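Report on one structure; see the data block that follows.
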Amino acid sequence: MSTLEDRMVDYALELRYDELPDNAIHHLKRRVIDTLGGALAAYTAPPVRIARRVALPVSGDGGARIWGSLTRTAPDMAAFVNGSALRYLDINDTHRTIDGSHPSDNLGGVLAVAEMLGASGRDLLLAMVISYEIQCRFVDSVPFNEAGWDQPVPGVMACALACGRLLGLSRKEMHEALALAIIPNLSTYQSRAGELSMWKGCAAANGARQGVFAAQLAAAGMTGPCEPFDGVFGLWKQTMGKAYEVKPFARGKEGVYAVAQSNIKKYPVRDSCQLAVDTARILREKLGGQAIEALQIETYRSAYKGAVEDPELWAPRTRETADHSMLVAIAVTLLDGSVTPDTFNSDRFKHPEVLGLIKRTKVLVLEEFTMQAPGVRNCRVTATLADGSSQVGHLFWTTADIQRGLSDAEIEEKFERLNRDILPASERRALLDCLWHIESVADVRRVVDLLRV
């Protein structure tokens, strides 16, 4: 019986573009458009500016470029800067089952290597399908968040193997890349605990950076630690205390690929707050402008744990904490009609009107809702009015609802909304047209050429 390490390496080496169903390819293009749209919109964000400052320019034709400035730097540093940008607004897609992650976080690393090599659009798409499949099936199988480990743990593995495929690594070199990704880069969940810092949006970018570095090291002949999963101090014993069986990876035209299953976000808030915003919008319509005396939110346990439980989420001091707060998401939506990047860029989340409503809020975890999640996610919000009457908003999403996601037109509208002040209309259209047909692009450098702010 093959080990998990063998399964991952074999999958990354053997999957072929021509066995991917049209559905998977189309879904991946949707997510590339969505991710790049969020990244360009974050060009001026403080952590992105910091990352650009430490990414030293390189000369010549090697390396990869930083999206927005098109400054050429080392590919691992391009992965970090671009990954920090695509994650900053917390608006790129998520995959949440047993645990959660943002599989599109690896686009910064995979595109950097593809650009360095002058790879085709098809090469990029195949590498990203590999990355999604490995990361998401790990998330489907291993409760690593619950054990205190963060999403770069599976992310760095996925990025290293996807980049290894682009680099044409041998089977032995792929094993080395995987080992060099896993053992040096075990990332703890402290990045997402307490008052959150800029690093919340940069941790996965660093995972992508280290995935690129691991693949490059292996290509140059570096060997990595033996038995990265099963060794005496390997990942399983050091993180989980036991080995887990990771679900099978999709193959062939009939396969159900992870890239078609991730949740494309509507709003720049945590995955478990997306439903809460839509629920609050329903309630706001019913209220018709009436003042709220008190609120009650009913949710499921994992949403409560990630978006309500920490005391910092009730009065956030940083935007990184605020966009993870269900309380902020619901209060701002009830007051303003929705949540947008300006909610956090303008410190709206600190306004006394928002904090006052949060203070009048009670949150309950319902066992009924918990038992149904994640297959069915429920949110119910009840507003009590001055005369003692109440109005209720209740919404639930099934797995099918999440996988259906935004339409192509809605994804384009989101891209346009985020970038209308960043790129002229003609440049937005040219980029969108290129990305919708990226499988026909002979050299992905053409795509990066269009990512100039």
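The values are calculated or read from the model by the stated rules, or taken from the named source; none is laboratory data. Since the structure is predicted, the reported quantities are computational estimates derived from the model, not experimental observations. Because the Cβ atoms are built from the backbone with ideal geometry, glycine has one as well, and the counts that use them run over all protein chains shown.
Quick notes
- For first residues located in region 93-122 and free of Cβ contacts under 8 Å to residues at least 24 places away in the same chain and closer than 17 Å to residue 212 by Cβ, partners that are basic (Lys, Arg) and crowded, with 24+ Cβ neighbours inside 10 Å and lie 6+ apart or on another chain with Cβ distances below 6 Å do not occur.
- Subset tally (residues that are surrounded by fewer than 24 Cβ atoms within 10 Å (Cβ to Cβ), touching a residue at least 60 places away in the same chain (Cβ under 8 Å) and among the aliphatic types (A, V, I, L, M)) for region 185-222: 3
- Checklist (1) in the same structural domain as residue 107 (by TED's automatic domain parsing); (2) crowded, with 16+ Cβ neighbours inside 10 Å applied to residue 420, failing item: (2)
- Of all residues in region 232-243, exactly one satisfies the criterion of being surrounded by 15 or more Cβ atoms within 10 Å (Cβ to Cβ), in a loop (DSSP other than H, G, I, E, B) and touching a Phe, Trp or Tyr at 6+ places or on another chain (Cβ under 8 Å), namely 243.
- Matching option when the condition is under 30 Å from residue 309 (Cα atoms) and either of a type in the set (Asp, Glu) or modelled with pLDDT of 95 or more (or both), among 403, 372: 372
- Residue check for residue 39: of a type in the set (Gly, Ala, Ser) and closer than 22 Å to residue 441 by Cα: yes
- Residue, surrounded by the fewest Cβ atoms within 10 Å (Cβ to Cβ), within region 1-17, restricted to residues that are acidic (Asp, Glu) and in contact with a helix residue (DSSP H, G or I) (Cβ under 9 Å, 6 or more places away or on another chain): 6
- Residue selected from region 251-301 under the condition assigned by TED's automatic domain parsing to the domain that holds residue 412, farther than 24 Å from residue 201 by Cα and in contact with a helix residue (DSSP H, G or I) (Cβ under 6 Å, 6 or more places away or on another chain), by the criterion surrounded by the fewest Cβ atoms within 10 Å (Cβ to Cβ): 252
- Each residue in region 210-231 was checked for being over 26 Å from the mean Cα position of the chain (by Cα) and either part of a loop (DSSP other than H, G, I, E, B) or under 17 Å from residue 8 (Cα atoms) (or both), and 11 of them qualify.
Conditions tested, residue by residue: (1) among the β-branched types (Val, Ile, Thr); (2) under 11 Å from residue 207 (Cα atoms); (3) touching a Lys or Arg at 6+ places or on another chain (Cβ under 7 Å); (4) not assigned by TED's automatic domain parsing to the domain that holds residue 202.
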site	(1), (2), (3), (4)
128	no, no, no, no
145	no, no, no, no
149	no, no, no, no
153	yes, yes, no, no
159	no, yes, no, no
163	no, no, no, no
169	no, no, no, no
176	no, no, no, no
181	no, yes, no, no
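- Residue in region 268-290 that is assigned to a loop (DSSP other than H, G, I, E, B) and touching a Leu at 6+ places or on another chain (Cβ under 7 Å) present: yes
- Every residue from region 1-59 that is of a type in the set (S, T, N, Q) and not in a helix (DSSP H, G or I): 2, 3, 44, 59
- Meets criteria (under 23 Å from residue 100 (Cα atoms) and either touching a residue at least 60 places away in the same chain (Cβ under 8 Å) or out of contact with any Gly (no Cβ under 6 Å at 6 or more places or on another chain) (or both)) for residue 311: yes
- Only listed residue being within 22 Å of residue 81 (Cβ to Cβ) and within 19 Å of the chain's Cα centre (by Cα), chosen from 156, 142: 156
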